[in-house]
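Before any comments, here is the structure.
The values are calculated or read from the model by the stated rules, or taken from the named source; none is laboratory data. All values derive from a computational prediction rather than experimental measurement. Positions of Cβ are backbone-derived with ideal geometry, glycine not excepted, and every protein chain shown enters the neighbour counts. The area values use the complete protein model at the heavy-atom level, side chains included, leaving out ligands, DNA and RNA. Shrake-Rupley method; radii C 1.70, N 1.55, O 1.52, S 1.80 Å.
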Amino acid sequence: MWNSTASGSKNSATANAYLSDVKRALSEGNHSFFGFDPTDTPYATNEVLRSYPIPANPSIDYQHRFLLEAIVDLAKQAPRFNSVDFARGFYDDFSHDGKANGNGRNGQINYDGYNYSNRTYRADLAERYYQILTEVYGIEAHIAQLYADDIALAMPSLGDDLFLMVKVRALIKVHRMYHSI
């Protein structure tokens, strides 16, 4: 969106409007990806997990934590790479053409035989999210399915899916913080 903005229109007001659109695509309405913005939402730390029982209907900070753990689990598909590498692959995918289609700046993104595609985001990430909720944290299957469906069935709109590039940058930032705990 920014690159297609006319030079005379590239100003702070336009940038703020784009950022507001991105925030809505991530966190607002029935079609958002997560129901929260990962750039400014805290996540449940290890200390929180040790100190408090996980609610049957997890709050946003827990959901954020589970999303990061789903990325960690997804990265196990590629033994020589880790979750930060996978998040970088997300960034390469989105920044190349603004679409979640598995094509990066050097063609098809592939880590140790795992090919990125739209399935990476719609099925694989959502499936891992469901597994984390049910198998690791004991969330009831019908509740976990609702949360996984939020990712798998999300249809946020912002240009040609360029909002995803901002989302991935935010996830990389938060993911690094998660691994530093």
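Assorted remarks:
- At least 1 residues being at pLDDT 85 or above is the threshold, and among the helices (runs of 4 or more DSSP H) wholly inside segment 1-111 those reaching it are 46-51, 60-75, 83-97.
- Within segment 112-125, the only residue that satisfies the criterion of being in a helix (DSSP H, G or I), surrounded by fewer than 17 Cβ atoms within 10 Å (Cβ to Cβ), among the charged types (D, E, K, R) and modelled with pLDDT of 85 or more is 119.
- Test: residue in segment 150-165 that is open to solvent by less than 60 Å² (accessible area, probe 1.4 Å), over 12 Å from the mean Cα position of the chain (by Cα) and modelled with pLDDT of 80 or more: no
- Within this structure, residue 49 fails the test of being open to solvent by less than 10 Å² (accessible area, probe 1.4 Å) and of a type in the set (A, V, I, L, M, F, W, C).
- For the residues 71, 60, the requirement of being of a type in the set (A, V, I, L, M, F, W, C), within 22 Å of residue 40 (Cα to Cα) and open to solvent by 50 Å² or more (accessible area, probe 1.4 Å) singles out 60.
- Checking the stated criteria, residue 90 turns out not to satisfy the condition of being under 15 Å from residue 132 (Cα atoms), open to solvent by less than 40 Å² (accessible area, probe 1.4 Å) and of a type in the set (Phe, Trp, Tyr).
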